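The values are calculated or read from the model by the stated rules, or taken from the named source; none is laboratory data. Because the structure is a prediction, the values reported are computed rather than measured. Cβ sites come from the backbone with ideal geometry, for glycine too, and all protein chains shown count toward neighbours.
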Amino acid sequence: MMKQSKMLIPTLREMPSDAQVISHALMVRAGYVRQVSAGIYAYMPLANRAIEKFKTIMREEFEKIGAVEMLAPALLTADLWRESGRYETYGEDLYKLKNRDKSDFILGPTHEETFTALVRDAVKSYKQLPLNLYQIQSKYRDEKRPRNGLLRTREFIMKDAYSFHQNYEDLDVTYEDYRKAYEAIFTRAGLEFKGIIGDGGAMGGKDSQEFMAVTPERTDLNRWVVLDKSIASLDEIPEDVMEEIKKENPGCQFVVLSAYRDFELFDAQGEKLARATSRWVLIDIVKRRPLRLTQELIEKYQGEPQSQAFEEELENMSYPKDFFDTENAVKQRYTVLRRDIDSNMHMHNLAYLDAAGELLPQQIYEEGEKNHIRISYKKEILYGEEITGVYIEHEDRHVVGLTDTNKGVRAIVELW
């Protein structure tokens, strides 16, 4: 047992002013972590001891389900990532570097390629399957804007597991084993938690589940999910521009299972710069179903009275099923890159507009007469997918359909 006087525990009297979330503030104040540079933290002795205890719990539970620990290198050759195609499509979050011989390497953000190559070369018969491997290791992602303490960093510790099977039934058994193992780990760690709907993102798969801790500050696990996206994230607006903008969320208009939310931007003089709306549905992410908007829920989320509803603009233009399946339209292929996606691995609003903008005639920008933009969200577009943009001029508007390889419409962008 080491004396406190012999340990490095740099505590603070006051809450750190630059902390964005309470977990970050408390860890800094208690001397658990210190930031070395943006998105990169040192784990001080107390934090390192806690991490090692968590690792011990994890190893004991994973051993019960037959998972075997190993350790792959963090510095990876780019050749494997070129083989999978992700070297080009992963995007700007991928740390890329060259050695003295000018060979390409990366710092691993994840290790699917590495583990698959190792097993591919070592396993010679299906009789060697199933195989269940995992590691606990530092990962690296060049986040554009690291934030929220340890929740969004450029270097982080991750446990990642990779299992190999001869059939889907065997895979399902391992998936269930891991679910039970995670529940056992969180229970032993003393956490109150719930399993919620997950997003497989670029990895795909038919099942995905996330675990969310329930805290005194976060007991409401219902989640508003956007149906019709029509405004980009405020994070994309430069800081010097934001200083001149007053933003307002005037509240919602509720209709049975969904809500329309208006969003307006004003300049410093109170002049309206832009207005947008989006349609949301409230999801119970534990029971995996939408919630009917009772009066109690409406009062809970109502906020300020809505300033001005514009129902006429919300009415979607109806397009035939084969509207974009025409040889006369202007078309362009588009691969969804890392920079095009949000934290859920879905294509974000600005990327929809960028993809449509590649097809729109130049005179639209020169005329400057189009003041309405609408993005109708049909089905999520995921990282790495191949999308075809189809441009058609129709009645009083310019229309771009984003279609998949089966000619299914994923989203429609309209300007009028």
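For the range 86-111, a tally of residues being without any contact (Cβ under 8 Å) to a residue 60 or more places away in the chain and part of a loop (DSSP other than H, G, I, E, B) returns 9. Can you name every residue in the range 379-416 that is polar (S, T, N, Q) and not in a strand (DSSP E or B)? Selection gives T405, N406. Among the residues of the range 69-85, those identified as in contact with a strand residue (DSSP E or B) (Cβ under 7 Å, 6 or more places away or on another chain), under 29 Å from H346 (Cβ atoms) and assigned to a loop (DSSP other than H, G, I, E, B) are A72, A74.
Of D121, D79, D93, all but one fail to be surrounded by 15 or more Cβ atoms within 10 Å (Cβ to Cβ), at negative phi and of a type in the set (D, E); the exception is D93. The number of residues in the range 351-378 that are among the hydroxyl-bearing types (S, T, Y), outside any helix (DSSP H, G or I) and modelled with pLDDT of 80 or more comes to 1. Could you list, in sequence order, all residues of the range 396-414 that are among the acidic types (D, E) and touching a residue at least 40 places away in the same chain (Cβ under 8 Å)? Passing the criteria: only E414. Looking across the range 53-76, just one residue is loosely packed, with under 13 Cβ neighbours inside 10 Å, under 24 Å from R141 (Cβ atoms) and more than 27 Å from the chain's Cα centre (by Cα), and that is M70.
Just one of (1) over 18 Å from R141 (Cβ atoms); (2) surrounded by fewer than 13 Cβ atoms within 10 Å (Cβ to Cβ); (3) under 25 Å from the mean Cα position of the chain (by Cα) fails for A38. It is (1). In the range 144-165, the count of residues that are at pLDDT below 95, of a type in the set (V, I, T) and in a helix (DSSP H, G or I) is zero.
Each residue in the range 91-124 was checked for being hydrophobic (A, V, I, L, M, F, W, C) and in contact with a Lys or Arg (Cβ under 9 Å, 6 or more places away or on another chain), and 4 pass. Condition first: acidic (D, E) and not in a loop (DSSP other than H, G, I, E, B). Can you find one or more residues in the range 18-32 that meet it? No - not one qualifying residue is present in the range 18-32.
Just one of the listed residues (T187, T116) is outside any loop (DSSP other than H, G, I, E, B) and in contact (Cβ under 8 Å) with a residue 40 or more places away in the chain, namely T116.
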